[in-house]
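S.K.: Before we start, here is the structure in question, set down as structure tokens.
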Amino acid sequence: MSNEHSAHGASQDHVMPVRNYLMVASALFVLTVITVAVAQVDFGAWNLVVAMVVATTKAVLVAMFFMHLFYDNKLFAAFFTGSFVILGIFIVITMFDTMERDRLYPEVATPIREHAIIYDDEGKPLKQNAHAGEGEHGEAAEHGDAAMEHEEGAAAEGGDEQGSEDATSGGH
Amino acid sequence: MDTTATFWLPVPASTVAQDIDALWSFVFWISTFFFLLILGMMIVFAIRYRRRAGDVERLDKGPSHNNPLEAAWIIIPTLIVLVIFVWGFRGYMKMTVVPANSMEVKVTGQKWFWSFAYPEGASSVNDLVVPVDTPVKLLMSSQDVIHSFYVPAFRVKRDVLPNRYQVAWFEANQVGEFDLFCTEYCGTSHSDMIGKVRVLSKADYASWLEESTIGAEGMDPVELGRKLYTAKACMTCHSVDGNPGNGPTFKGVFGHQVEFADGSSLMADENYIRESILSPRAKIVAGFQPIMPTYQGLLKDAEIDALVAYIKSLGAESE
Amino acid sequence: MADSAAHPRWLQHHFTSAGQQRESAKLGMWIFLVTEILFFGGLFCAYAIYHAWNPDIFHEAHKALDWRLGGLNTLVLITSSLTMALAIRSLQVNKAKLANGYLWATILLALTFMVIKYFEYAHKFHVGQLPGKYYTYTGIEGTSPHIFFSLYFMMTGLHGLHVMIGIGVILWLIIRNRRGDFSNAYYNPVEMTGLYWHLVDLIWIYLFPLFYLVG
Amino acid sequence: MSNAATHTEPLRSNLAVPDQIDEKTGLPRENYIQDGGKGLKSWLLTMDHKRIAILYLITVVAAFFVGGIMALLIRLELFLPDEQFFNADQYNQLFTLHGAIMIFLFIIPSIPAILGNFVLPLQIGAKDVAFPKLNLASWYVYMLGAGITLISIFTSAADTGWTFYTPYSSSTSTSVIPMTMGVFVLGFSSIFTGLNFIVTVHKLRAPGLTWFKMPLMVWGLYATAIIQVLATPVLGITVLLLTLERAFGIGIFDPAMGGDPVLYQHFFWFYSHPAVYIMILPGMGIMSDLIATFSHRKIFGYKFVAFSSLAIALVSFLVWGHHMFTSGQSEIAVMIFSFLTFMVGIPSAIKVFNWTTTLYKGSISFAVPMLYALGFLFLFTIGGLTGIVIGALSLDIHLHDTYFIVAHFHYVMVGGTVMALIGGLYYWWPKIWGRMYSRTLGVFAFLLVFVGFNMTFFTQFILGARGMPRRYFTYVEQFQPLHAFSSSGAMVMGLGFLLVAINLWWAIKHGKPAGSNPWGALTLEWTECTSPPIPHNFKETPKIEYGAYEYDRVIPTMEKQG
């Protein structure tokens, strides 16, 4: 596996002319300017994709030439890309969970705070949009609704002893 | 369909339990078969090819590889586990998709007790009462940390998260009383956060429901206070017979001097009790932890008066 | 193991040749860089998930960052990467003195990076755009912009910490270089620090667009 | 190198010729214990992988007994339902410490750091691991991490379980931060060992030792090192985020501030599932060596067993969600994780089948290490098959967070890794110290461990299937008899482990000298090294004439019944 070389003599590694280094550096500068320019224009969600593409090309340039991956043992490149594959797996499969939680029941995904009332005062299930229930809280007539209301209360005026003191109060 | 507990599994008391128990026995018997196969091969080879006294060392004549055999014991287990996967996933979807006409009960998990809110306005603590043969949808949320709603007899389990609703459902197929456990570790009394699921016939359920909602007006306050003392889980921390639990006992409190953690003290009167119900952290009795959750918004004024009357009655008795 | 002339001081006893020692050192360094990538990766995953959950809040919150300072920092870090690479190259052609010059340049650029970062942080502390419960800034609407700043401070803070570690290691290199430890036959430590430094630059190449440009 | 021709003359059972043997001790005069330097300093500053292995041996076995005592206390408490010896908080702290110490301080470093450090360089014909200084640093970082973790015992120990689930872990008043910081530091020790092994296997193999001539123990350690290097950093960031959440309230996992506790579980299990393969893969490596050596048989399907290690290492990164089937994941994620969990089970099945087939037509000796290997096969098969049971979604809904899960992971961890570790310790004890252990005490201790283990944990399968939740301080009356039986089994197992330690401790000084190859093994550490080996392992780099298990080409030496 390891290439046998004499201990002395010019180093075995590939010596790149200074000109190459300067070219790579200037390419990186240009790409930076490009990514800044492109970001000024609003493509909505595409902005992220474009920014990532440019960042990845810059990263590949740094890895290939500054870090000599291009000339070195392919094993290093394998490990390097392997780490990005594992990271990609981690992000993608976790997002399979985080982005798909409301597939069956919409109320399961969004935090409770936005859903003011699931039940109206008489306790009948009231399917309506979140904000309609904002106004008419009135006296907490019923446990189910009340649990919602004081969850709300905890967020609004903050910090008093809703539930166990430090978990849900969020000290504003 | 048998409805008795087997050696391994508790009584299958919900409609989905049958399907799960069927998959359980399928996987159980396949596992037993493969276990005995491997164990058998191991024992037979170990005995048949054991080194006997006087054996001289010789070159190994045994096979060192056999690709068809390897392929066999890769493909066959893969097929079997695929069957188990599909069966398991279909069972899971049956347990997740709630039937349309289900009755909705709102469940709130809180540090160390469950409270249930029924659509007709009734509420109960640690005691879920449901009619038999009707699907019950549970809309669950937690007030503090993650708990997990688990009824072994119904094979239902779902974590109860503090910032989101979680949905679970079951349809009890036999009348009876079943254990309810919290299975996500939630602190000191995680093992006390247990309750009962009482499945009643439709008639009994209707009478229980009507009895537990309208009963509140006509009753005298002390009687209502006694009922609320259990219904609202005061008894999980406060005793009425004098010995301290997680919280101070109610016996002999009213009309007496109470020492507080910060050294001050006060004569226990109605507003002290009312304040301790609504904002318990305001005054902490010496020697106790500030762990009481507030009942702000959980109790109607009439109920608070009833509780104060009940505690007052406990105070007067000890004179 | 007779101590022959062909056995220079820096060749460790359990390696049969300098090439084997160098290849082992490089492989070891690359694996360490893999752990760094996954260490930062956890934060990038948190960023991806919270960005996906509330993209509009993230977009609003990123306006609070000054992309000009970010851009300047990117250029500074790329230049420091260049000077580091040139430092290694000059050692490869046995010019130790030139290498020291480039190493000093790298440290200077790294310090500039940290100073710019200090101004950015000072401004945020002053205005109150801080993580979690310390968030008191009211300029950004949306339910929880502090998540953006939690992630911002954690990722750029951890990156800044790695820059400072890099500065310390390069200083140690300069001392060893002045003592004459390195030549074209043996410059492993410099090359390893170079790999580490380029990775720190590479991570900033991703941080800059995510926080300053897109948000 | 002639591959077809058989290597006719049998191996020498003792490389050290009589005049090199010291009459008084009966061991070769030149060995790493005497000649590596005198006094404590030579041990504490050693660069020799063999001495670092012994440093790890002492500290990791100590951690095992501390964790083991806590396990016995837990089982003692659970003998009867209500409070017996500890109150609820103390019980919660006990099971947290039992989990954290057993996992982070014992089982993750155990086989790689003790047997791996000692045996890997010997098995590939190297003088030492690639980075000896890093190897010693790994031990010191381990001690630092262990120290920090143990601080939390004396400052109101954490009561969150070894999983530190938020929001409980970020809101409890117990000292969680020392434990999470201890775990953070321990992660680096694991990374250093993993990194060292990968570079050693790639770069320091003796010339001629190709990948398929290496022992499968080296494959196991290599696959483990890959996971250690790729997964442990994510544990580092998770624990760091948790500490920041607790200390500064950054709101990443705190539901009140828009964070999501389930996301913490994703982060935690992304490391912790690959971590269970860090625990089992070295055990599987030892298994291949033991089964092949004690059957004097070429391992059946060498390539399949080797590649299944790598397959496990890679697929283990895809399945972490099966720890969270009931915790509120989306149905799509749950389906993906369940499917992939079944796929990760297949390579383990391949290994078990190949080991069992290796016994066919062998000449099997029931030396104590072989007893533990057969015990491993028995227990690990049960552990693996119950893994299939809880992999099925609808069953896991019923079984999650019950004693069924506790039984499952104890079957694969204690029944798998600990049995393999003890088997490995018995197997390499003559090589490490040059002396043989007592067979009768070894067999007796094995029976105690095996019977005690099954008494303890098979009953927990029944408890769990009947619905007994995990981490319960008190439990409903109906479960009491099974708990009592399980607790008594734990006492038996504990005694068994104690006898194993006594046997091995006694053998260090008083065992009969074992010679360099008491088992008739073909791997380099037996054929080319004296027992105990010389400081630089080999007089000159060994020439490789046959592969690790080529019993069909080499006649092994007569085995001394051990």
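Coordinate-derived values only; no laboratory data. In this text, all values refer to a predicted model and were calculated from it rather than measured experimentally. Don't worry about glycine lacking a Cβ; one is built from the backbone with ideal geometry, like all the others, and counts go over all protein chains shown.
S.K.: Can you tell me, using C-alpha contacts under 8 Å and at least 6 residues apart, the relative contact order of chain C as a whole percent?
M.R.: Relative CO of chain C lands at 32 percent.
S.K.: What's the magnitude of the charge dipole for the range B:219-317 around its Cα centre, counting Lys and Arg as +1 and Asp and Glu as -1 at the beta-carbon? Answer in Debye, nearest 20.
M.R.: 260
S.K.: Roughly how many nanometres apart are two label points built 7 Å out from the Cα toward the Cβ at B:S201 and D:L310?
M.R.: The modelled label-to-label distance comes out at 6.9 nm.
S.K.: Run through all the Cα pairs of the range D:423-545 and give the fraction in each 10 Å bin from 0, expressed as whole percent.
M.R.: Per 10 Å bin, starting at zero, the Cα-Cα P(r) for the range D:423-545 comes out as 12, 29, 21, 17, 14, 7, 1 percent.
S.K.: In a Gaussian network model over chain B where Cα atoms closer than 10 Å are linked, find which of B:E259, B:E57, B:E270 has the largest mean-square fluctuation.
M.R.: Maximum among the listed residues: B:E57.
S.K.: Going by Cα centres, the range B:242-314 and the range C:149-177 are how many Å apart?
M.R.: 55
S.K.: How many angstrom lie between the Cα centre of the range C:78-122 and the Cα centre of the range C:30-48?
M.R.: Here the two parts' Cα centres lie 24 Å apart.
S.K.: Mind listing the phi-derived Karplus ³J(HN,Hα) values for the range C:50-66, rounded to whole Hz, using 6.51, -1.76 and 1.60 with θ = phi - 60°, and x for any glycine or proline?
M.R.: Result, ordered by residue: 6, 5, 5, 6, 9, x, 5, 4, 4, 5, 4, 5, 5, 5, 6, 8, 9 Hz.
S.K.: In terms of Cα to Cα distance under 19 Å, which lysines are near enough to C:K133, apart from those fewer than 8 places away along the same chain?
M.R.: Within the straight-line cut-off, C:K133 pairs with C:K124.
S.K.: Can you tell me the relative contact order of chain B? Whole percent, Cα pairs under 8 Å, sequence separation 6 or more.
M.R.: 14
S.K.: Among B:F181, B:I311, B:V130, whose Cα lies farthest out toward the positive end of the dipole of chain B, if unit charges sit on the beta carbon of Lys, Arg (+1) and Asp, Glu (-1)?
M.R.: B:F181
S.K.: Here's another thing I want to ask about it. How large is ³J(HN,Hα), in whole Hz, for each residue of the range D:256-271 in order, when computed from phi with the Karplus curve 6.51 cos²θ - 1.76 cosθ + 1.60 and θ = phi - 60°, using x for Gly and Pro?
M.R.: So the Karplus estimates, Gly and Pro as x, are 5, 10, x, x, 9, x, 5, 5, 4, 4, 4, 4, 5, 6, 4, 7 Hz.
S.K.: Given contacts defined as C-alpha pairs under 8 Å and at least six residues apart, what's the relative contact order of the range B:219-317, whole-number percent?
M.R.: 36
S.K.: Another question, then. Can you tell which of D:G301, B:Q18, D:M70 lies farthest toward the positive end of the dipole of the protein assembly as shown, using +1 and -1 charges on the Cβ of basic and acidic side chains (Lys, Arg; Asp, Glu)?
M.R.: D:G301
S.K.: Here is a further query. Hey, with R₀ at 45 Å, roughly what FRET efficiency would B:F35 and A:R19 work out to, going by the Cβ-Cβ distance, to 0.05?
M.R.: Efficiency, rounded to the nearest 0.05: 0.05.
S.K.: State the percent of C-alpha pairs, over all pairs in the range B:103-214, separated by a distance greater than 23 angstrom.
M.R.: 22
S.K.: Any chance you could give the angle, 0 to 90 degrees and rounded to 10, that helix D:176-203 forms with the longest Cα principal axis of chain D?
M.R.: Once rounded, the angle reads 30 degrees.
S.K.: Please compute P(r) over all alpha-carbon pairs of the protein assembly as shown, binned at 10 Å starting from zero, and give each bin as a whole-number percent.
M.R.: Each 10 Å bin holds this share of Cα pairs: 2, 9, 16, 20, 19, 16, 11, 6, 2, 0, 0.
S.K.: Excluding residues fewer than 8 places away in the same chain, name every one of the lysines whose C-alpha is closer than 18 Å to that of D:K133.
M.R.: C:K26, D:K41, D:K50, D:K203
S.K.: Using label points projected 7 Å from each Cα along Cα→Cβ, tell me how many nm separate B:N271 and B:I47, to one decimal.
M.R.: 8.7
S.K.: Only four residue types carry charge here, +1 at the Cβ of Lys and Arg and -1 at the Cβ of Asp and Glu. Report the dipole size of chain D about the Cα centre in Debye, rounded to the nearest 20.
M.R.: Charge dipole of chain D: 1460 debye, to the nearest 20.
S.K.: Give me, ordered by chain and number, the residues 5 or more places off B:H147 or on other chains with an amide H under 5 Å from its own placed amide H.
M.R.: Amide H neighbours of B:H147, under 5 Å, 5+ apart: B:V160.
S.K.: Show the residues, 5+ positions off or on another chain, whose built amide H is closer than 5 Å to the amide H of B:V129.
M.R.: Excluding prolines and chain starts, which carry no amide H, the hits are B:R198.
S.K.: Under the Kirkwood approximation applied to all pairs of distinct alpha-carbon atoms, what is the hydrodynamic radius of the range B:219-317 in Å?
M.R.: 13.4
S.K.: Relative to the longest principal Cα axis of chain D, at what angle does helix D:49-77 sit, 0 to 90 degrees, rounded to 10?
M.R.: Relative to chain D, helix D:49-77 is tipped by roughly 40 degrees.
S.K.: For the range D:31-527, what is one quarter of the convex hull surface built on the Cα atoms, given in nm²?
M.R.: 22.4
S.K.: Could you tell me which of D:G182, D:Y403, D:F95 has its Cα farthest along the dipole of chain D towards the positive end, charges placed at Cβ (Lys, Arg +1; Asp, Glu -1), taken about the Cα centre?
M.R.: D:G182
S.K.: Nearest 20 debye, what's the magnitude of the dipole of the protein assembly as shown about its Cα centre given +1 on Lys and Arg Cβ and -1 on Asp and Glu Cβ?
M.R.: 7300
S.K.: By the scheme Lys and Arg +1, Asp and Glu -1, what is the net charge of all other residues having a beta-carbon under 12 Å from that of B:G187?
M.R.: Overall, the nearby charge balance is -3.
S.K.: Starting at the first residue of the range D:237-245, write each ³J(HN,Hα) from the Karplus equation 6.51 cos²θ - 1.76 cosθ + 1.60 with θ = phi - 60°, in whole Hz, x for Gly and Pro.
M.R.: Karplus values, whole Hz, x for Gly and Pro: 5, 5, 5, 5, 4, 5, 5, 5, 4.
S.K.: Given points 7 Å out from each Cα along the Cα-Cβ axis, report the D:F444 to C:L108 separation in nanometres with one decimal.
M.R.: It is 7.8 nm.
S.K.: Pairing the Cα long axis of helix D:403-412 with the longest principal axis of chain D, what angle in degrees results, from 0 to 90 and rounded to the nearest 10?
M.R.: 10
S.K.: While we're looking at this one, here's another question. For the range C:23-214, what size does the Cα cloud have along each of its three principal axes, sorted from largest down, in whole Å?
M.R.: 59, 30, 23
S.K.: Please work out the C-alpha center-to-center distance from the range D:291-306 to the range D:100-145 and express it in whole Å.
M.R.: 25
S.K.: Sticking with this structure for a sec: Using helices alone, I'd like the mean residue ellipticity at 222 nm for chain D: each DSSP H run of four-plus residues gives -39500 (n - 2.57), total over residue count, nearest 500.
M.R.: Computed ellipticity for chain D at 222 nm equals -20500 deg cm²/dmol.
S.K.: OK, next. Counting DSSP beta bridges with both partners in the protein assembly as shown, what percentage is antiparallel, nearest 5?
M.R.: In the protein assembly as shown, DSSP labels about 70 percent of beta bridges as antiparallel.
S.K.: What Kirkwood radius, in Å to one decimal, follows from the Cα pairs of chain B?
M.R.: Kirkwood hydrodynamic radius for chain B: 24.1 Å.
S.K.: If the cut-off is a Cα-Cα distance under 17 Å, which lysines reach B:K94, setting aside same-chain residues fewer than 8 apart in sequence?
M.R.: Straight-line reach from B:K94, under 17 Å: B:K137, B:K157.
S.K.: Same structure again: List every residue whose amide H lies under 5 Å from the amide H of B:S239, counting only residues 5 or more places away in sequence or on a different chain, with H placed 1.01 Å from N in the peptide plane.
M.R.: Amide H neighbours of B:S239: B:G245, B:T249, B:F250.
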